[in-house]
Amino acid sequence: MLSAFLRQNIITKPFQLNRFSSTVNSTAPAIIPHYIVFYKYVEGIIEKRKPFREAHLKHAKQYKAMGKFVMGGAYAEASGALIVLKNVTKEEAQEFVTKDPYVQNGLVVSSKVEDWSVVDI
């Protein structure tokens, strides 16, 4: 009888942590795995990227069409870039980097792929 009460009144219903907190759902939010790719660019990237920019954007659009590219772009001062991928393994994220025309043509000095656990709230 107590377990039925818990299921109906505590486990599945929101609860108040204290008078200062907001209502919190008692079920944990889903974690959606993503990968963040960090690029550090060569000096003078704005000029140097021109011959490869179209191919670089086409590469990103291919991943977007497959539902794997979330967003990306250069930092305001163009010292590097950040790219967010989902629905990929770490190996696939690294493959994205390896196949990027900017990487293949020496415009990326260094890159790093990091796991990122996005909370679906």
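The values are calculated or read from the model by the stated rules, or taken from the named source; none is laboratory data. This one's a predicted model, so the numbers in the text were calculated from it and none came from an experiment. Note that we place each Cβ from the backbone using ideal geometry, even for glycine, and neighbour counts take in every protein chain shown. Remember, those area values only see protein heavy atoms, side chains included, never the ligands or the DNA or RNA. Shrake-Rupley method; radii C 1.70, N 1.55, O 1.52, S 1.80 Å.
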(Q) Just to confirm, what accessible area per residue do you get for segment 36-107 at 1.4 Å probe, in whole Å²? (A) 60
Q: On the full set of protein chains, 1.4 Å probe, figure out the accessible area of residue 112 and give it in Å² to the nearest 10.
A: 110
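Mind ordering 103-109, 27-33 by average Cβ neighbours within 10 Å, highest first? Walk me through the numbers before you get to the answer.
Working: 103-109: 15.9, 27-33: 10.1.
Most protected by this proxy first, the peptides run 103-109, 27-33.
Measure off, as a whole percent, the carbon and sulfur share of the 1.4 Å-probe accessible area of segment 51-121, all protein chains present.
On the way: 2390 of 4450 Å².
The computed percentage sits at 54.
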Q) Given the Cα-Cα distance of residue 30 and residue 87 and 0.36 nm per residue of separation, how much length would full extension add, in nm? A) 19.1 nm
Q) Going by average Cβ neighbours within 10 Å, how do the peptides 40-48, 93-101 rank, with the highest at the top? A) 93-101, 40-48
